[in-house]
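Below is one structure, written out as C-alpha cells, with a few remarks after it.
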Amino acid sequence: MATETIERPDVDERTEDSTDIPKVFHYVKKDKIAESAVLGNHVVALCGEVFPVTAVPKPGSPVCEKCKKIYNKMRQS
C-alpha cells in the first residue's frame, strides 16, 4: 500500500479583513467594553455598529467619524 503526499503551496491565504484589529475604533459604554472582552458579548457603538471587543485602541488610533460626531453632540447638551 503506497501513500501519496499532497504538496501544499506556500500561499498566505489570510486577507486584510481576517485580522481582528479594527480599521477604526468606536465609542462604546465603558462597562460594556470589559464585559465584551471577558465574555465575548457584542457591544453597540454610538453609531449603531454591533461587534465584539477584540482590541484596545492606542493614542492616535483612528476613530469612527459617526461616533465622534454623536459623542461631541452629547457633550454639548
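Scanning the stretch 23-51 for residues that are hydroxyl-bearing (Ser, Thr, Tyr) and without any contact (Cβ under 8 Å) to a residue 24 or more places away in the chain returns a single hit, 36. When the residues of the stretch 34-61 are filtered to those that are in contact with a Phe, Trp or Tyr (Cβ under 7 Å, 6 or more places away or on another chain) and in a loop (DSSP other than H, G, I, E, B), which remaining residue is farthest from residue 23 (Cα to Cα)? In this case the residue turns out to be 46.
For the stretch 63-76, does any single residue satisfy the condition of being in a loop (DSSP other than H, G, I, E, B) and at pLDDT below 90? No, there is no match, as no residue in the stretch 63-76 is in a loop (DSSP other than H, G, I, E, B) and at pLDDT below 90. Within the stretch 28-67, count every residue that is crowded, with 16+ Cβ neighbours inside 10 Å and not aliphatic (A, V, I, L, M). Matching residues across the stretch 28-67 total 6.
The values are calculated or read from the model by the stated rules, or taken from the named source; none is laboratory data. This is a predicted model, so every value here is computed, not measured. Methodologically, a virtual Cβ is constructed for each residue, glycine included, from the backbone with ideal geometry; neighbour enumeration extends over all protein chains shown.
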